[in-house]
Amino acid sequence: MTDATVTEEPASKKSAKTGVILGCVLALAGAVGGFYLTRSSLLPFAQQPKDAADEAAEKGTPVKALPAVGYIDLPPVIVSVNTGESRHLKFHAQLEVNAPYVSDVESVLPRIMDVLNGYLRALEVSDFEDSLALVRIRGHLQRRIGIVVGDGRVRDVLITEFVLN
């Protein structure tokens, strides 16, 4: 039998290096191309979102004006809270009122403060434990103040300070 030895040529190092270098060059070219496409806004999903005012200006339609409102600052109120301990609630709010009715609402401000004090004194500490307590209190106050001044005059009750000591 003949002894034939098969000698395999080792994989050339040159072809392995060129593959890595070629891969790096292509990756770099892809990154640069992608950056250029997104930066120049050639891709539709790369455009920055426009707000309503910009879209209305482009279409030529006028932007709606903000409603005419006035704000009435209520005096700060400090009430004791029903607990065995001595705890106090410091409350300060403003009323957002439709502009034509500002003087009407200011004329009944003592009645509003009476309703505000009566409601806040009736609250207990357990009423403040819920995460939605402030929203619920705002809704109750808005409803009670709406009854006093009439519907459609007070738009919202804005609570600026709410501290329980």
Report task. Determine the dipole magnitude for region 69-164: charges of +1 sit on the beta-carbon of Lys and Arg, -1 on that of Asp and Glu, nothing else is charged, the reference point is the Cα centre, and the result goes in debye to the nearest 20. Result -> 120 debye
Requested in this report: Could you point to the residue in Val108, Asn82, Ala122 farthest towards the positive end of region 62-122's charge dipole, with +1 and -1 charges on the Cβ of Lys/Arg and Asp/Glu respectively?
Outcome: Asn82
Query raised in the report: Around Val81, which amide H atoms from residues at least 5 apart in sequence, or from another chain, sit under 5 Å from its own amide H, with H modelled in the peptide plane?
Result: Arg87, His88, Leu89
Report task. Could you tell me whether region 69-164 comes out rounded, prolate or oblate from its Cα gyration tensor? Rule is a ≥ b ≥ c as square roots of the eigenvalues, rounded for a/c under 1.5, then prolate if a/b exceeds b/c, otherwise oblate. Result -> prolate
Query raised in the report: What net charge do the residues around Asn117 carry, taking every other residue with its C-beta under 15 Å from that of Asn117, with Lys and Arg at +1 and Asp and Glu at -1?
Result: +3
Query raised in the report: When only Cα pairs under 8 Å and 6 or more residues apart are kept, what is the percent relative contact order across region 69-164?
Result: 39 percent
Query raised in the report: Local charge sum around Thr160 (other residues, Cβ-Cβ under 13 Å, Lys/Arg +1, Asp/Glu -1)?
Result: -2
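A short reminder: the numbers here are calculations on the coordinates, not readings from a lab. Bear in mind the structure is a predicted one, so any value in this text is a computation, not a measurement. Using ideal geometry, Cβ is built from the backbone for each residue, glycine included, and neighbour counts are taken over all protein chains shown.
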